[in-house]
Amino acid sequence: MMNKKRLFVGALALALSMTGLSSAQDRVVLRVWTGSSSPVENEFKEKQIAAFEAANPNIDVDLLISPDYGTQIRAAFASGDYPEVFTVGQFDFPQWQADGLLAIGTDKIEDAEGIYEGLRAAFTADGELYCAPKDFSTLALLYNIDAFEAAGLALPDETWTWEDMAAAAEALTKDGMVGFSAAADKFRWMAFFYANGAQLFDDEGKVAFDSPEAIEALEFYQSFVANGHGKLPSDLNSGWNGEAFGKGAAAMTIEGNWAIGYLRDTYPQLNWGVTEIPLAPNGGRGTLTFTECWAVSSRAQGALADAAWKLVNFLTGPNDDGAKAVAEAGFGVMPARAEFGDLWLSTVGEEYSAFVKGAEYAVAPIFPLGFADFDAAVNEATTLVMTLEESAEDALREAADVARDINGE
């Protein structure tokens, strides 16, 4: 009898032990890496991960939020041992995709059609969507309401044209203020480039960067500095457009929705508004978008890959803890899904609707893989034009010739 009892107890212990072993084997540990941003956004990411773990008790997340993310992730890629889930900036995507580091997400990403088309395009290669945008920003025209009213000018709106903007800049340049702060940055003037119908390459793949439409766009942007109705931020004792605008040195500028928190915190007395970037002579609109995505490692397989995609969809999908949570957080960036645009505005303020409207036509200004020298040439051309050292036509032609060499034209 004693032996039977001992046998039963032993069998029960073995069964419990095997159950525990099975449970341990079923657990998945995901390494998740991302860059450090603002304290508010870092805390938001931590809350998202905590909510995911609570909803998925068999998945543990080892989260790394690092200020040195770029260096660390590249070192991990080089070693061949990199995290299962990580963020990818739009400018890194072409290289990382070409290197085979990213799993294809076309059939994995939940409700991909709900993501803004321009954001999907930023992370698509060879017809495949690789990763899910987590949030984004666009550019718009910021204007000083008090300055406009003091000058007797009607406030800018969606009907404004380049001509309207130029006329206002002239009228506003007085009493120590210039009409426009114009950074020597390709990611500002190229909003006008795309609005005017310009493209990096034509439909046949030929370099078109120095087209008449491109030249006209850069000439317009330069004109504010050339005619004295605008200045570079550095000439306004400022580090960037937002500072020059915030301190009242410029009545208008082009910036992104990241300026909202900065201006509220640093210049709370500033009375300002925002509208879409003015219409080009052809009636076209243009703005740029800046985004990053959550990607899954191409090395993740089986249960690990399933858990990784479950996390990505949790962080970016149309659920309470994904894109909706981004909208409700209101820390600057906008949700990547159009259905939550209005919710974001209800959080940050309806007066910032121009940033959301721009999402419908925004372009991610990504240069093709292998065109790094062209990218550098465009940066140099922008500086030379904005410092009045070279004409827009000459500078763009020189940059385009670099692209033609690369393109074999």
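At-a-glance table
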read-out	value
Which listed residue is within 27 Å of Asn56 (Cα to Cα) and surrounded by 19 or more Cβ atoms within 10 Å (Cβ to Cβ), from Leu279, Leu311	Leu311
Any pair with Cβ under 7 angstrom, 6 or more apart, that starts in region 360-375 at a residue that is touching a residue at least 60 places away in the same chain (Cβ under 8 Å) and ends at one that is of a type in the set (D, E, K, R) and not in a loop (DSSP other than H, G, I, E, B)	Phe367/Asp375
Of all residues in region 364-409 being under 16 Å from Phe187 (Cα atoms) and among the acidic types (Asp, Glu), the one that is surrounded by the fewest Cβ atoms within 10 Å (Cβ to Cβ)	Glu380
Neighbours by Cβ (under 9 Å, 6+ apart or cross-chain): first from region 38-55, in the same structural domain as Ala327 (by TED's automatic domain parsing) and within 17 Å of Ala308 (Cβ to Cβ); second of a type in the set (S, T, N, Q) and surrounded by fewer than 19 Cβ atoms within 10 Å (Cβ to Cβ)	Lys45/Ser37
When residues of region 81-104 are limited to those that are touching a helix residue (DSSP H, G or I) at 6+ places or on another chain (Cβ under 9 Å) and of a type in the set (S, T, N, Q), the one nearest to Asn313 (Cα to Cα)	Thr87
Flag for Arg31 being of a type outside the set (Asp, Glu), modelled with pLDDT under 95, closer than 16 Å to Ala308 by Cα and more than 19 Å from the chain's Cα centre (by Cα)	no
When residues of region 112-163 are limited to those that are under 30 Å from Ser298 (Cα atoms) and among the acidic types (Asp, Glu), the one surrounded by the most Cβ atoms within 10 Å (Cβ to Cβ)	Asp135
In region 173-197, the residues that are among the hydroxyl-bearing types (Ser, Thr, Tyr), more than 19 Å from the chain's Cα centre (by Cα) and not in a strand (DSSP E or B)	Thr173
Members of region 211-228 found to be surrounded by 23 or more Cβ atoms within 10 Å (Cβ to Cβ) and more than 26 Å from the chain's Cα centre (by Cα), listed by number	Phe224
Of residues in region 329-342 being in a helix (DSSP H, G or I) and not aromatic (Phe, Trp, Tyr), the one farthest from Ile49 (Cα to Cα)	Asp342
Qualifying residue in region 336-358 (condition: under 30 Å from Arg404 (Cβ atoms) and surrounded by fewer than 19 Cβ atoms within 10 Å (Cβ to Cβ))	no
Residue identified as of a type in the set (A, V, I, L, M) and surrounded by fewer than 24 Cβ atoms within 10 Å (Cβ to Cβ) among Ala305, Ala250	Ala305
Within region 282-296, considering residues that are in contact with a helix residue (DSSP H, G or I) (Cβ under 7 Å, 6 or more places away or on another chain) and buried (at least 18 other Cβ atoms within 10 Å of the Cβ), the one farthest from Glu360 (Cα to Cα)	Val296
Scope region 112-139; condition of a type in the set (Ser, Thr, Tyr) and within 11 Å of the chain's Cα centre (by Cα); matching residues	Ser137, Thr138
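The values are calculated or read from the model by the stated rules, or taken from the named source; none is laboratory data. Please read these numbers as outputs of a predicted model, since none were measured by experiment. FYI the Cβ positions are ideal-geometry reconstructions off the backbone, even for glycines, and counts take in every protein chain you see.
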